[in-house]
Amino acid sequence: MPVFSQRELENITASIFRAAGAPQDLAQQVADVLVDNHLAGHDSHGILRIPEYLKSIVDGEIVPTARPEVLQETPNSALISGHWALGQVTGLYAADLAIAKAKAHGVAVVSVVQAAHTGRLAAFTDRAALQDVVMFMVIGTVDRPMTAPYGGAAAVLGTNPIAVSMPNPAGAPVTLDIATSAIAAGKVKVAKARHQQLPPNVILDKHGHPSVNPQDFLDGGFLLPFGGHKGYALAVMAELLSGPLIGAEAYPGVTARSGIFIFAMDAQLFRPKSDYASALAHRLGQIKAVPPAAGFDEVLVPGEPEARVRAQRAREGIPIPDDTWSAVCQAANSVGLKLES
C-alpha cells in the first residue's frame, strides 16, 4: 500500500485534473479538497473519486474549465449556478460567498444549482468554522437515486448528506457530517477496494435482499436510510431544502446531479466571541467528562476523530489502498499522464 505526503498527493491530483483540461487554479482547488478529505480520514471522498470524475468529464457531465456564477443576489443571499464545474470548485465558491456574507451581515443563505458532485461537506463547513462562522449545508440528489425510503423497496433518494460545523476557538471545529443513508456510497467503494465486507443492514442487493458484499450494491443494489424512519425523514428534508425550495429542477441538466442549500451565521451574532468560547469549552468539557461505557476508552465530540486522524496522517503520511491507486493510475493514463501503479 503506497503512502504519500499531503504535498505529494496534492501535486499528483492537481496534475491529473490539469491533464483532463482544468486550469491550474481549479485543478489545485480540487486537489486541496480531495487530499484534505484523506487527512480527515475520509478516504471515501479522496482520490478514489478521480476515475469517476474523469468519466464524468468525458461524458459531458462535468466541464473542467467552468466556473460558478452568481445568478441573483441580495446582501444576505445568493443563488449560484455551478455551470457543471468540478464540484469541489463550486463547493468552495459557494461556501466562501456564504462566509463573506455572514461576516458582513450576520446571516446568509446561499443555494446552488447545476452542481456536480462536491464530495464531503465538512470540507466546506469546517472552512467556515475556522473563520468564526457557523455553517449548515445539505445536498439532495434529484436523479441517480441510490437510497430507498423507509418502508420502500426501491431507491428514490440520494445519500443526501447533512453537515454542520461550529467554531471552536480552543481546538478543531465541532462538526457533524453524515449521509442520511446508513452508509455513504463512497464508503462502499472503499470497502470494495480494501476487500472488506460491509456492516449488516446498510444495503440490499438488486433483488431487495440484505447483503454485506459491496459488489451487490455496485451491481444494482441500493442503500438503506440510517436509523429507519429518522434517517429517512432527514433525507426528505435535505431533498426539499436543496430541490423544490431553491428551484433546482428548473435549471437545464439538473437531473444529472443535485442542488445545494447553505445557511451561515457569524458566531458572534448573539454574544461576544470570548463568552461563546468560554461557554462552548465548558459544555464540551462536561460532555467529555462523562465516564466511558464498557468497550470505550473515552467520550469523543463530533469532529474529534477527524482531528486526531489529521494529526496522525500529517506526521506519517496518507495510505492509499493498492486497488485505489491502481484505478487512479489507469485513470491518469487515460488523460495522457503516466503514473506507475
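Observations on the structure shown:
- Taking the chain as the region of interest, the number of lysine pairs whose Cα atoms are within less than 18 Å, with members eight or more places apart or on different chains, is 5.
- Estimated Rh, the stretch 7-103: Kirkwood, alpha-carbon pairs, angstrom: 14.0 Å
- Cα centroid separation - the stretch 192-255 against the stretch 2-17, whole Å: 30 Å
- The GluC sites (Glu not before Pro) found in the stretch 19-101 include none that occupy coil by DSSP while having at most 14 further C-beta atoms within 10 Å.
- Range in the chain, longest, excluding exposed trypsin sites (Lys or Arg not before Pro) [loop by DSSP; at most 16 other beta-carbon atoms within 10 Å]: 1-193
- Given R0 = 35 Å, the distance between the Cβ atoms of Leu337 and Val212 translates into a calculated FRET efficiency of 0.45.
- Using a Gaussian network model of the chain in which every pair of alpha carbons under 10 angstrom is joined by a spring, one finds that among Ala128, Ala148, Ala115 the greatest mean-square fluctuation is at Ala148.
- For the chain, built as a Gaussian network whose Cα springs stay under 10 Å, the top-fluctuating residue of Pro51, Pro200, Pro319: Pro200
- For the chain, a crude dipole built from +1 on the beta carbon of Lys and Arg and -1 on the beta carbon of Asp and Glu, taken about the Cα centre, is about 300 debye to the nearest 20.
- Share, in percent, of DSSP beta bridges within the stretch 3-266 that are antiparallel, nearest 5: 85 percent
- Charge dipole magnitude, Cβ of K and R +1, D and E -1 - the stretch 143-227, Cα centre, debye nearest 20: 180 debye
- All C-alpha to C-alpha distances of the stretch 1-40, sorted into 10 Å bins beginning at zero, yield P(r) values of 34, 52, 14, 0 percent in whole numbers.
- Residues considered: Gln88, Gln114, Gln29. Largest GNM mean-square fluctuation over the chain, using C-alpha springs under 10 Å, is found at Gln29.
- Taking all Cα-Cα distances within the stretch 198-296, those exceeding 20 Å account for 69%.
- Farthest toward the positive end of the dipole of the chain, out of Ala40, Cys329, Ala267, is the Cα of Ala267, where the dipole comes from beta carbon charges about the Cα centre.
- Close amide H contacts of His117 (hydrogens built in the peptide plane, cut-off under 5 Å, sequence separation of 5 or more or a different chain): Gly87.
- Cα convex hull of the stretch 105-173 - mean projected area over all directions, nm²: 6.2 nm²
- Calculated on the alpha-carbon coordinates, the convex hull of the stretch 37-178 measures out at 128 cubic angstrom per residue.
- Separation between Cα centres of the stretch 311-341 and the stretch 80-136, rounded to whole Å: 28 Å
- Our summary of shape: the Cα atoms of the chain have principal axis extents of 53, 53, 46 Å, ordered from largest down, in whole angstrom.
- Residue-averaged 222 nm ellipticity for the chain, from DSSP H runs of 4+ at -39500 (n - 2.57), nearest 500: -12500 deg cm²/dmol
- Normalised contact order of the stretch 3-266, rounded percent, pairs of Cα under 8 Å and 6 or more residues apart: 19 percent
We did not get these values from a lab; they are worked out from the coordinates using the rules stated. Quantities reported herein were computed from a predicted structural model and do not represent experimental measurements. Backbone-built Cβ (ideal geometry, glycine too); neighbour counts: all protein chains shown.
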